[in-house]
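S.K.: Pasting in a structure now, in structure tokens, and then I'll have a few things to ask.
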Amino acid sequence: LPPRHMDSVVEIVEILESTHDGVTGTVPELARALGGCGTPGCRAVLGEPPDVPPAPPTLSHEQWLLFTQLLRHDAAAPERGAVLAPDGSTVALGPLLAGIEVGLKWAAGWSVPAIEPPIDALYAVTVAEVLATSFLLARDGDGNRATLGPGGCWDDVVDPQNYTLLGPPSPIPDAVANGAMDGVLLGAQLAQAPIPLADLLRGYYGTGNGTEKGRPPSSYRRRDFGVLTGPGKLEEEVAAMLRVLRVLPPTRELLEDVGPEEVVAIARQAAQDFTEVYVECPAIVPRCMWGARPYRGTPKPLTLPLDSVYIHHTSTPSAPCRTFAACARAMRAMQRFHQDTRGWDDIGYSFVVGSDGYLYQGRGWHWVGAHTKGYNSKGYGVGYVGDFSATLPDPDAIALVRDRFLPCAVRTGRLHRNYTLRGHRQMGHTDCPGNSLFREIETWHGFK
């Protein structure tokens, strides 16, 4: 089959939009016919799905097969409907295309079906129902049922075919969360100014440009979703959706013994957890996605929470990386240097900061690194890709660590609330992290 990549989807959408042979209605309606929006809440908002049309003659057999596979909803494995985007994130097509359909309908003057209580259709079909269901199912459990996440990894980032989750699945793996946020953002955009879907997707994901032209808008999804969706909005929509699910036949039983106060509590928890994980915390690219070699030997565990963070620059590579492909290459080069030349067990840093909007997992949250001699077990080593002796990282890359990573590490119990932040040069004989970056971090919270 064609790669499970956003480029393949854009190509299919472009062919479907340029022809009407055998394709009735819009691409999102076709997606719904194939199962992209089969849940009770989604059907209540957008109506019963149309019949599946015959395969359009303009698509190859393989393209049609891929499209049908990506949209066949599987409650047990929602991540199967996901594709790899050029920014290195993974996106589920179901919630993405459902949000897009609502946006297009709004632009055409559609009035939402009379549902009680009233709901925001855009949030209902993308994030509110799946969030409500996930936290509803978890409330009866033993506390071990996952409600959000995990992320996953592709077998091959050039020809992605199989996506494997990195832990126990929830109804909202990262791919579904990304698809839901993108569905809200693109649906809202289309409602204001409808454009052909292939153009919309190409512009947002940066497809077809070899992914070497810098950051696409999709890499800002967490920030943009947070701006659009104020703290109370998500809670309000999840609570409304729980009340709607109470009257829909397939989900009525789930809510039989859930009182009004519990509905409010579930909605609050769901909105709070989703916001913490997907809006306030930064996305971290796992090792398997950047092509890490195995750790040599046995990693030593850190004792959390840690007291310190040490800021570095990589110096080599000296240029910031602004795309997933470039940052993944930089990570592999640093790991080779650290393992083969320095003789270390692994890449030294705990995390590495790209200028593509993402953090890259080095040793990660739980294992002792090799970043700050004499202090590796006391703190996290965070390295910026580039040489920042004379220039600063992009403002976005500065904010990624200062405003997102550090508060997230405190909130999740990995870093003490009264942590100390230092530059590498304060701990040993080095110019790292460069004069410009060092002057910048002197202004950060926790700097000593």
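S.K.: With the checklist (1) farther than 20 Å from residue 111 by Cα; (2) touching a Gly at 6+ places or on another chain (Cβ under 8 Å); (3) at pLDDT 90 or above in hand, flag the one item residue 13 doesn't pass.
M.R.: Of (1) farther than 20 Å from residue 111 by Cα; (2) touching a Gly at 6+ places or on another chain (Cβ under 8 Å); (3) at pLDDT 90 or above, only one is false for residue 13: (2).
S.K.: Taking the range 52-80 only, how many residues are open to solvent by less than 60 Å² (accessible area, probe 1.4 Å) and in contact with a Pro (Cβ under 9 Å, 6 or more places away or on another chain)?
M.R.: 7
S.K.: Additional query: Look at the range 411-437 and say how many of its residues are in a helix (DSSP H, G or I) and open to solvent by 30 Å² or more (accessible area, probe 1.4 Å).
M.R.: Residues in the range 411-437 being in a helix (DSSP H, G or I) and open to solvent by 30 Å² or more (accessible area, probe 1.4 Å): 5 in total.
S.K.: Please verify whether the range 99-114 includes one or more residues that are under 13 Å from the mean Cα position of the chain (by Cα) and open to solvent by less than 30 Å² (accessible area, probe 1.4 Å).
M.R.: Going residue by residue through the range 99-114, those that are under 13 Å from the mean Cα position of the chain (by Cα) are none.
Among the residues of the range 99-114, not one is under 13 Å from the mean Cα position of the chain (by Cα) and open to solvent by less than 30 Å² (accessible area, probe 1.4 Å), which makes the answer no.
S.K.: To continue, here is another question. Looking at 90, 126, can you tell me which residue is under 16 Å from the mean Cα position of the chain (by Cα), polar (S, T, N, Q) and within 18 Å of residue 245 (Cα to Cα)?
M.R.: 126 is the lone residue from the list that is under 16 Å from the mean Cα position of the chain (by Cα), polar (S, T, N, Q) and within 18 Å of residue 245 (Cα to Cα).
S.K.: Wholly within the range 165-276, which helices (runs of 4 or more DSSP H) include no fewer than the required count, namely at least 3 residues that are assigned by the TED database to the domain that holds residue 92, touching a residue at least 60 places away in the same chain (Cβ under 8 Å) and among the aliphatic types (A, V, I, L, M)?
M.R.: On the way: elements: 174-192, 197-205, 221-228, 231-247, 260-275.
Helices (runs of 4 or more DSSP H) meeting the threshold: 174-192, 197-205, 231-247, 260-275.
S.K.: Same structure, new question: Looking at the range 1-14, I want the residues that are under 15 Å from residue 163 (Cβ atoms) and free of Cβ contacts under 8 Å to residues at least 40 places away in the same chain and have a partner that is of a type outside the set (Asp, Glu) and part of a helix (DSSP H, G or I) with Cβ atoms under 6 Å, at least 6 apart or on another chain. Which pairs are those?
M.R.: If the second residue must be of a type outside the set (Asp, Glu) and part of a helix (DSSP H, G or I), no pairs are left.
The values are calculated or read from the model by the stated rules, or taken from the named source; none is laboratory data. The structure displayed is predicted, hence computed values, not measured ones. Backbone-built Cβ (ideal geometry, glycine too); neighbour counts: all protein chains shown. Side chains included, ligands, DNA and RNA excluded: accessible areas come from the protein's heavy atoms. Shrake-Rupley method; radii C 1.70, N 1.55, O 1.52, S 1.80 Å.
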